[in-house]
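What follows is one structure encoded as structure tokens, with my remarks underneath.
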């Protein structure tokens, strides 16, 4: 079973990741992972931390001569800002541990419920791990997992559809236009394919910056080239749409997820929702629409798999909200940590990592082996079966 684990605090020594279950023979290099980490650090509306950090990965195990060897992959991303925090965040005794004490929890953050759960009156011990800084390790893991999917022509994408009240129509991504789409989105500071919408989003972020506000939004993430038959309908925990929703909901500040046009479909009649099935001699079975987001009954149906995640505004406000000082037990303004104004473009990149993990895990469950050669043989056999028995010609 493919899985990964992360460890580390926002201002600690660094972030650690371990990936287990990666087949042998997958090409991996640190330069590629570092480019993915840079994508996460970009995006209009990011805060001062991005000027401090320049994330790079150090792979410690599981890779030799540029390829995975089947054992767990261990890696480290060092926090450069730790040099300014070592007297506060050291593992041993800290000379200034109380200097950055947090006693005024931020509404909307994990500060207060985490402090209660773990009995940590100094809520820095909560926010350091709850910080979105942890997602750098997810992006690194996702980059390595994407290399597995690349071997089988499965490609992950993302796009921002709204910032605050400014929304744009989604770019309909498929195998034919994927490269053009990626060129557009990767050149956008918002990760938005609509140039006019991008300009309005930037204006809104600047206004929020001046007002001491923060902004949320919506991003779409998807996978092109996914074969039918991943996931299952037979048990609730094997439904791939449920797994994908959980993975996206695990990203900090994500409060809602829809698979395909899930929200709009709830108000439409069935004739305008379900994707009709057609057949042609050349293309075999095909669909003209993909409102289901490539998933029916918890199983991929061969169309592009896509979902949308809804991100709330970041809880840290430079004009802080009312909170309670838990040392003095009186109402005061919440603590202020260095933060972004808007992190939706960065969250979209994190969404890619989590989406890649979900698709790769289901792919290996269906066709897995211990090496990439073994998986390729199984996949070739599966593709032959789909063409021969089910007239599936698009793989």
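Is it the case that residue 221 is at pLDDT 95 or above, surrounded by 15 or more Cβ atoms within 10 Å (Cβ to Cβ), in contact with a helix residue (DSSP H, G or I) (Cβ under 8 Å, 6 or more places away or on another chain) and within 25 Å of residue 288 (Cβ to Cβ)?
Judged against the criteria, residue 221 is a match.
Within the range 7-20, take every residue that is over 24 Å from residue 100 (Cα atoms) and in contact (Cβ under 8 Å) with a residue 60 or more places away in the chain and give me the one that is surrounded by the most Cβ atoms within 10 Å (Cβ to Cβ).
Checked the range 7-20; the qualifying residue surrounded by the most Cβ atoms within 10 Å (Cβ to Cβ) is 17.
Among the residues of the range 205-218, write down those that are part of a loop (DSSP other than H, G, I, E, B) and crowded, with 19+ Cβ neighbours inside 10 Å.
214, 216
Select from the range 353-377 the residues that are over 19 Å from residue 299 (Cα atoms) and touching a helix residue (DSSP H, G or I) at 6+ places or on another chain (Cβ under 6 Å) and list them in ascending order.
Those that are over 19 Å from residue 299 (Cα atoms) and touching a helix residue (DSSP H, G or I) at 6+ places or on another chain (Cβ under 6 Å): 353, 369, 375.
Could you run through the range 121-147 and say how many residues are assigned to a helix (DSSP H, G or I) and either more than 17 Å from the chain's Cα centre (by Cα) or surrounded by fewer than 22 Cβ atoms within 10 Å (Cβ to Cβ) (or both)?
Selection size over the range 121-147: 10.
Quick check on the range 193-204. Is at least one of its residues touching a strand residue (DSSP E or B) at 6+ places or on another chain (Cβ under 9 Å), part of a helix (DSSP H, G or I), loosely packed, with under 15 Cβ neighbours inside 10 Å and at pLDDT 95 or above?
Yes, the conditions are met somewhere in the range 193-204.
Give me the residue from the range 311-322 that is over 21 Å from the mean Cα position of the chain (by Cα) and part of a loop (DSSP other than H, G, I, E, B) and, out of that set, surrounded by the most Cβ atoms within 10 Å (Cβ to Cβ).
Here the residue is 317.
Starting from residues that are assigned to a strand (DSSP E or B) and free of Cβ contacts under 8 Å to residues at least 40 places away in the same chain, keep the ones in the range 323-346 and report whichever is nearest to residue 165 (Cα to Cα).
Taking the candidates together, the pick is 331.
Which one of these is over 30 Å from residue 129 (Cβ atoms) and touching a helix residue (DSSP H, G or I) at 6+ places or on another chain (Cβ under 7 Å): 235, 267, 214, 188?
188
Taking the range 293-303 as the region of interest, how many residues are assigned to a loop (DSSP other than H, G, I, E, B) and either at positive phi or surrounded by fewer than 21 Cβ atoms within 10 Å (Cβ to Cβ) (or both)?
5
The values are calculated or read from the model by the stated rules, or taken from the named source; none is laboratory data. Being a predicted model, the structure only gives us computed values, none of them experimental. With ideal geometry, Cβ positions are generated from the backbone for all residues, glycine too; neighbour counts draw on all protein chains shown.
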